[in-house]
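The values are calculated or read from the model by the stated rules, or taken from the named source; none is laboratory data. All values reported here derive from a predicted model rather than from experimental measurement. Cβ placement follows ideal geometry from the backbone for every residue including glycine, while neighbour counts extend to all protein chains displayed.
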Amino acid sequence: MVSRSSSPTVVLRLRGFRELGIIIFIVLISLVIGARNPRFLTWGNLHDMLLDTAILSILAVGMMLVLVTGGIDLSAESGLALTGMVAGMVIKAHPHLSPLFMLFLGLGLGSLLGALTGVIVAWGRVLPIIATLSMMYVYRGITFIISGGKWINAYEMPDSFKEMATGRLLGFSNLITIALLVYLVFYYFIYHTRTGREIYAVGSNLEAARIIGIDTTFITWLVYTLSGALYGLSGVMWVARYASAQNDTATGFVMTIVAACVLGGVSITGGVGSLFGVLLGSVTIGIINNALPMVRISPFWKMALQGIIILVAVMVNILITQSVERAQRRRRNEEI
Amino acid sequence: MDRDPCPRVLYGADVENGILELRGISKFFPGVRALNRVDFDLYPGEVHCLVGENGAGKSTLIKIITGVYQPDEGEILYQGQKVVFANPMVASRYQIAAVYQQPASFPHLTVTENIFLGHPLIHPKSKRLLWPAMWERARELLRSLGSDLSPTAVVGTLSVAQQQMVEIAKALSIHARILIMDEPTAALTRRETEDLYAIVRKLRAQGTAIIFISHRFEDIYEIADRVTVLRDGKSVGTWKIVEIGEQDLIRAMVGREITQLFPKAQVTPGKELLRVEKLSRIGFFRDISFSLRAGEIVGLSGLVGSGRTEVAQAIFGIAPADEGKIFVEGKEVTIKSPLDAIRNGIGYLPEDRLHQGLFFPMSISDNITIAILDDIAPSGWLQPEREHEVASRMLELLKIKAPTIFHPVSSLSGGNQQKVVVAKLLAARLRILIMDEPTQGVDVGAKAAIHQIMSDLAKEGLGILMISSEMPEILGMSDRILVMHEGRISGEFSRGEATQEKLLEAAVNVERSRKREVNISG
């Protein structure tokens, strides 16, 4: 029954065409832009681009897990701002604290915020989009309250903290290293643990997941908590990178996160999404942001182009999916 | 049995001018012949009952009359003229309307909006909707049915009986000449049923032709003028109701040769695995008590809607019972969720595999092993080799046709998808299995394989509670058979004493309808 010889390639074709499509797109756009502005393909610029993408790519992992369960976490952007503000205030008051401690502080505080959102969604049974929309405003409001409306500025932060973003390890910015670590940890979590598997099960069929005994409420809570941990981590990174903690940090950024996920092939209806895809989606958005100004496309056009690119990518994906399904149906009919 | 397919004398009906005639209608679905050269006719002013077991083809026939399906063979005559009901809109233009057991109305819209959906009253010039006129008309229609429902009430807030009323009013609003009622009394109380009979009689007197589908012999002998029996997609015959007794009707419904062989091996039942006592869930089932022993397959029979699935779902914790006790291996257990059930060694194969059984985007392997992650990942880390070993073994055991175990389940054919659900349950190695229609929709080969596996599992000492609508399957596979009727157990038979007739008699509860007749006459 099982013909092993053909298996890997067929599966790659089915599962990986989205990723392959994005890779082709990334290579094409890089070549085109590189041809018009050679500076684009220099190591320095590519590194800057990755640096800009690092935080987005981490946030996209958390968002992907939530999307895979069929939810959405709109509170990510203000959760990030709140953790960032708290981190800024803490480091201002205690400049001697180590950057590593600050990162764990972000992880912990973010987990708490995410866990709270998760409780509302999982046990309170509030629709994710409504629950997280509310929490988006709540966390943003708390950011203003605790800061009294004031910023934490660069001169109020110790150098050791800012070096988290400027320092390098093996030629890569620390932020990129952190992002890679996050991807490594989540790769194992998503693909090699039963909990990771159960997240996909909940997203692809909630009813069936419940029937086989998966604690669907816990899984739902867990993905918001993980999303929280990651936006908490990102909040600290963000403040270090821009050397300021502001009240309106990352306002509107949640849509960029969702866009990165969608570009990477995550299904808004749940059940589908891959870590690799999300990484590519984030990088693509990073390229669009970085490259368009280099070929002197007006920033006014940038957003519109970003929207068009997402739309085209998704539409192409639909067309390919349909033709793959047609081919499968034909094959099935031949078998019968 | 008197066979008189074309009665000359019929109470009140206009037999000279038949309104609808189906000639030699056949309908094929992949692998199934749902209808096989069925003839059917209908006169204005008669109530024509359509009866048959689950899967006899009643619904398919109705869908052909309402234009949902197109027949593959045969022709439809409307008032003697050949017609094609290309879609439901065409059928409604011929003034054909249908009312279902659970009305398919729009719960958020008002009574008036539901009644006039699809054919609103519109101002001829300005094209605006004439709401006051529609409210007035809706009120009139409802009043003619003896109902004082408000035309602006929101349908979702009404009772099932009231929603049916709205559907009937909708039928009247298109001046329906043919009204199809699909098990309209199944969800009604006795009182509401009487009211419905009154409306049906009134419509009949006004010359409406009514097709009435019901499992309940009470309904059939109360309201029918003629009855047509379908069995396995064929029409067994049409009789005037006064000419056919209950026993003959039952025989017409089941009279089928049992040709398939079922391999349930004789096993001496071991210790008791599961016992339920006086299990009740308000509105669904009452006082259900039975036991299941190791090595036994207990068949749960009864018509669709008799509460079989609800009992299974209560034992499995999907919709827990309100009252009663469940014992597993002699110990009383509390089952409030599927997780509780699984911890007590109970597994469930849902009837609705599409919505309750499969994870479509995930691979075949992932689907098969998702319920046994405890084995595959004892410490939380998945072990792909073990996963693939289990999945490959199941693929071969059930002969699932798939290129590899890594393909998504969504790429499989329907029959193979069902086998994956069965594989998932078998992989879980539980002591007590509840299987709701285990072989529904799978091909003959897969069916035999699944039956063989069920028999083997029983031999290994598992207990299986099997719900099935297929008589041969129930009779062939079960050591004992419980029959349900309207939420209660109406009969229990050992393998030796069960026959198709006895099971159907218990399923339609002839005794109870007979008692009722006596009550009415006395």
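Annotation: A:ILE142 fulfils all but one of (1) out of contact with any Gly (no Cβ under 7 Å at 6 or more places or on another chain); (2) under 30 Å from A:HIS47 (Cβ atoms); (3) modelled with pLDDT of 85 or more; (4) among the β-branched types (Val, Ile, Thr); the unmet one is (2). If you filter segment B:321-338 down to residues that are part of a loop (DSSP other than H, G, I, E, B) and either in contact (Cβ under 8 Å) with a residue 24 or more places away in the chain or within 10 Å of A:GLY213 (Cβ to Cβ) (or both), you find that the one that is nearest to the other protein chains (Cβ to nearest Cβ) is B:SER337.
For segment A:131-139, the count of residues that are more than 14 Å from every other protein chain (Cβ to nearest Cβ), in contact with a Gly (Cβ under 7 Å, 6 or more places away or on another chain), surrounded by 15 or more Cβ atoms within 10 Å (Cβ to Cβ) and closer than 30 Å to B:ALA371 by Cα is zero. Just for segment B:352-375: of the residues that are crowded, with 20+ Cβ neighbours inside 10 Å and of a type in the set (D, E, K, R), which one is modelled with the highest pLDDT? Taking the candidates together, the pick is B:ASP366. Does any residue of segment A:308-316 turn out to be surrounded by 14 or more Cβ atoms within 10 Å (Cβ to Cβ), touching a helix residue (DSSP H, G or I) at 6+ places or on another chain (Cβ under 6 Å), without any contact (Cβ under 8 Å) to a residue 60 or more places away in the chain and in a helix (DSSP H, G or I)? Within segment A:308-316, one or more residues are surrounded by 14 or more Cβ atoms within 10 Å (Cβ to Cβ), touching a helix residue (DSSP H, G or I) at 6+ places or on another chain (Cβ under 6 Å), without any contact (Cβ under 8 Å) to a residue 60 or more places away in the chain and in a helix (DSSP H, G or I).
Residues that are modelled with pLDDT under 90 and within 24 Å of B:ARG431 (Cα to Cα) do occur in segment B:495-506.
All conditions in (1) free of Cβ contacts under 8 Å to residues at least 40 places away in the same chain; (2) surrounded by 19 or more Cβ atoms within 10 Å (Cβ to Cβ) hold for A:SER147, with the sole exception of (1).
Residues considered: A:LEU59, A:LEU46, A:LEU65. Of these, the only one that is surrounded by fewer than 24 Cβ atoms within 10 Å (Cβ to Cβ) and among the aliphatic types (A, V, I, L, M) is A:LEU46. Inside segment A:176-190, residues that are in contact (Cβ under 8 Å) with a residue 60 or more places away in the chain and either closer than 23 Å to A:VAL223 by Cα or touching a Gly at 6+ places or on another chain (Cβ under 8 Å) (or both) make up a count of 7. If the condition is being assigned to a strand (DSSP E or B) and hydrophobic (A, V, I, L, M, F, W, C), then segment B:272-286 contributes B:LEU273, B:LEU274, B:VAL276, B:LEU279, B:PHE285.
Among the residues of segment B:272-303, the ones that are at pLDDT below 90 and farther than 17 Å from B:ILE315 by Cβ come to 2 in all.
For segment B:374-393, which positions are more than 10 Å from chain A (Cβ to nearest Cβ) and of a type in the set (A, V, I, L, M)? Within segment B:374-393, B:VAL390 is the sole residue that qualifies. Selection of segment B:49-92 for residues being in a loop (DSSP other than H, G, I, E, B), over 23 Å from B:GLU470 (Cβ atoms) and of a type in the set (A, V, I, L, M) yields B:VAL68, B:VAL84, B:ALA86.
Okay, residues lined up against (1) surrounded by 23 or more Cβ atoms within 10 Å (Cβ to Cβ); (2) within 10 Å of chain A (Cβ to nearest Cβ); (3) under 32 Å from the mean Cα position of the chain (by Cα):
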position	(1), (2), (3)
B:HIS407	no, yes, no
B:SER411	no, yes, yes
B:VAL422	yes, no, yes
B:ILE434	yes, no, yes
B:HIS451	no, no, yes
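Taking B:VAL333, is it buried (at least 20 other Cβ atoms within 10 Å of the Cβ) and out of contact with any Lys or Arg (no Cβ under 6 Å at 6 or more places or on another chain)? Taking the combined requirement at face value, the residue does not satisfy it. Just one of the numbered conditions (1) under 15 Å from B:PRO103 (Cβ atoms); (2) touching an Asp or Glu at 6+ places or on another chain (Cβ under 9 Å); (3) at pLDDT 90 or above is not true of B:ALA209: (1). Within segment B:339-351, which residues are within 13 Å of A:ILE211 (Cβ to Cβ) and surrounded by fewer than 19 Cβ atoms within 10 Å (Cβ to Cβ)? Hits for segment B:339-351 are B:LEU339, B:ASP340.
Among (1) of a type outside the set (Asp, Glu); (2) touching a helix residue (DSSP H, G or I) at 6+ places or on another chain (Cβ under 6 Å); (3) in a strand (DSSP E or B), there is one condition B:ALA341 misses while meeting the rest; what is its number? Failed condition: (3). Among the conditions (1) more than 14 Å from chain A (Cβ to nearest Cβ); (2) modelled with pLDDT under 80; (3) on the phi > 0 side of the Ramachandran plot, the only one that B:ARG3 does not satisfy is (3).
Screening A:ILE211, A:ILE199 for residues that are crowded, with 24+ Cβ neighbours inside 10 Å, modelled with pLDDT under 90, within 13 Å of chain B (Cβ to nearest Cβ) and closer than 27 Å to B:VAL421 by Cα leaves exactly one candidate, A:ILE211. With respect to B:ASP225, is the statement that it is modelled with pLDDT under 90 and of a type outside the set (S, T, N, Q) true? Answer is no for this residue.
Among B:ILE474, B:ILE400, B:ILE464, which is the only one that is buried (at least 23 other Cβ atoms within 10 Å of the Cβ) and within 14 Å of chain A (Cβ to nearest Cβ)? Write out each step before concluding.
Details: B:ILE474 fails: within 14 Å of chain A (Cβ to nearest Cβ); B:ILE464 fails: within 14 Å of chain A (Cβ to nearest Cβ).
Result: B:ILE400 is the single residue among B:ILE474, B:ILE400, B:ILE464 that is buried (at least 23 other Cβ atoms within 10 Å of the Cβ) and within 14 Å of chain A (Cβ to nearest Cβ).
Of everything in segment B:471-486 that is at pLDDT 90 or above and of a type outside the set (A, V, I, L, M, F, W, C), the residue that is nearest to the chain's Cα centre (by Cα) is B:SER478. Using the structure shown, decide if A:TYR155 is of a type outside the set (A, V, I, L, M, F, W, C), surrounded by fewer than 17 Cβ atoms within 10 Å (Cβ to Cβ) and either within 11 Å of A:SER75 (Cα to Cα) or touching a residue at least 40 places away in the same chain (Cβ under 8 Å) (or both). No: the conditions fail for A:TYR155. Just checking, does segment A:284-300 include any residue being surrounded by fewer than 15 Cβ atoms within 10 Å (Cβ to Cβ), within 14 Å of chain B (Cβ to nearest Cβ) and at pLDDT below 80? Checked against the condition, which is being surrounded by fewer than 15 Cβ atoms within 10 Å (Cβ to Cβ), within 14 Å of chain B (Cβ to nearest Cβ) and at pLDDT below 80, segment A:284-300 yields no hits at all.
Residues that are more than 7 Å from chain A (Cβ to nearest Cβ), of a type outside the set (Gly, Ala, Ser) and farther than 21 Å from B:LEU430 by Cα within segment B:347-373 comprise just one, B:LEU354.
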